[in-house]
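Working notes, beginning with the structure itself.
Each reported figure results from applying straightforward, stated rules to the coordinates on display, with no laboratory input. Computed from a prediction, not measured in an experiment: that's the story for all the values here. A quick note on method: Cβ atoms are made from the backbone with ideal geometry, for glycine too, and the neighbour counts reach across all protein chains shown.
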Amino acid sequence: MEILGEEAVKGQESWVQPFKLNELEGLFLYVKYTFGLGTDMHLIKKGILLVAFGSRIPAAQSAYQNIDQKVKTTFPQIPVRWAYTSAIIRRKLAEGGIQIDSVEIALAKMMDEGFTHLAVQSLQTVSGKEYHDLVRIVRAFELMPHGFQITVGYPLLSSSLDMTRVAAALIRHIPQERKNEEAVVFMGHGGSHPSNAVYTALMYHLQQKDPNIFVGCVESSPTIENIKQILLDRKIKTAYLIPFMSVAGHHALKDLAGNDENSWKSILTACGIKSVAVLKGTAEYDDMVDIWVDHLKDAIASFSSFEVQA
Ligand code: CO
């Protein structure tokens with residue numbers, strides 16, 4: 001089969017005027033394409049795809065369900081789908097009979113089902129590698145013939161306003177019994193992407209309010225060793241350990257509060273600092289979820305500029 005390029009098509013008048021319509025046929029086609037009768041070309045079908053890393057920990061599911069419910073309540077007319085980016089977690093869930101799509105499969109299904117406007121909401125915390133990979137996948141789908149208009153909602157910490165809201169929410173949820181001379185140590189994920197600097201920026205914001213609040217990263221810096229040294233210098237005796245991740249999954253249970261000698265709890269205990277772990281993910285708090293939902297609202301609001309009237 002010969003595939004003609006755009007230039008070739010433009011050069012062939014017969015492609016655009018293959019036959020002459022009589023008046024009645026012309027009127028019929030005018031009505032059909034103007035009012036979308038008998039064709040779905042003018043119909044708008046909006047969808048939402050929520051994208052998370054994924055987790056197999058049952059308690060983490062309640063965090064995802066919290067987001068799911070808030071999104072469905074905010075956008076009752078728009079179908080909501082989920083995708084997990086982690087292939088390992090999807091495979092393990094599938095072994096237990098739970099089928100969760102990858103981003104690629106979820107987008108392909110929605111394209112096939114005729115969605116025209118799609119808001120993909122990143123449930124990541126910062127715009128690191130995971131987020132940028134998601135954007136690249138979305139862009140590839142946008143370029144497809146018969147593709148849909150897609151917008152991607154930003155991760156949790158994506159603006160100065162987000163920074164203020166996240167810092168306030170984190171402080172709000174510190175257990176009330178914690179005393180000022182005790183430390184609060186949040187564990188972010190982190191990675192090699194430049195956006196890792198956001199964790200240090202967050203720590204700066206938190207310490208403006210309370211100098212004994214720290215943010216470290218399990219996969220990068222600031223490290224627990226960095227934080228440990230400051231706690232020792234300040235002669236801090238107790239530290240509250242709290243995940244700064246959407247769900248209290250594997251990292252929270254093992255690397256933060258686990259009994260392995262490399263866990264943050266074990267590292268601090270070994271130098272005489274008592275640890276109190278609070279195993280709740282950010283997605284379990286409504287004021288955090290509101291930030292993701294607001295980003296989704298922005299993504300959906302940008303639909304209107306390319307909406308076609310039916
Ligand atoms: Co990880």
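Residues within the reach of a label modelled at K179 (point 7 angstrom out along Cα to beta-carbon, backbone nitrogen below 14 Å), restricted to the stretch 261-300, are 274. Exposure proxy shown here: for V135, V215, the number of other Cβ atoms within 10 Å sets the order, fewest to most, as V135, V215.
Between S160 and K92, what length in nm is gained on full extension when 0.36 nm per residue of separation is reduced by their alpha carbon distance?
Numbers: separation 68, 0.36 × 68 = 24.48 nm, distance 3.75 nm.
Contour length minus Cα-Cα distance gives 20.7 nm.
Neighbour counting of Cβ atoms within 10 Å sorts the residues K297, K209, fewest neighbours leading, into K209, K297. Output the pairs from K129/K265; K45/K297; K209/K235; K92/K280 with a Cα-Cα distance over 25 Å in this structure; if there are none, say none. Pairs exceeding the cut-off: K129/K265.
Around K70, what is the net charge, scoring Lys/Arg as +1 and Asp/Glu as -1 over all other residues with Cβ under 14 Å from its Cβ?
Residues close to K70 contribute a combined charge of -4.
Sorted ascending by nearby beta carbons within 10 Å, beginning with the fewest, I227, I44 become I44, I227. Neighbours of V247 by Cβ distance under 12 Å: Lys/Arg scored +1, Asp/Glu scored -1, total +1. Under a 5 Å amide H cut-off, with hydrogens placed 1.01 Å from N, G47 pairs with H117, L118, A119 among residues at least 5 apart or on other chains. With the Cα gyration tensor of the stretch 174-279 giving a ≥ b ≥ c as the square roots of its eigenvalues, does the rule (a/c under 1.5 for rounded; else a/b larger than b/c for prolate; else oblate) give rounded, prolate or oblate? Rounded, because the longest to shortest axis ratio a/c is under 1.5. Between amide H atoms placed 1.01 Å from N, distances below 5 Å from T238 occur with A183, K274, all of them 5 or more places distant or on a separate chain. The GluC sites (Glu not before Pro) found in the stretch 214-310 that occupy coil by DSSP, while having at most 10 further C-beta atoms within 10 Å, are E261.
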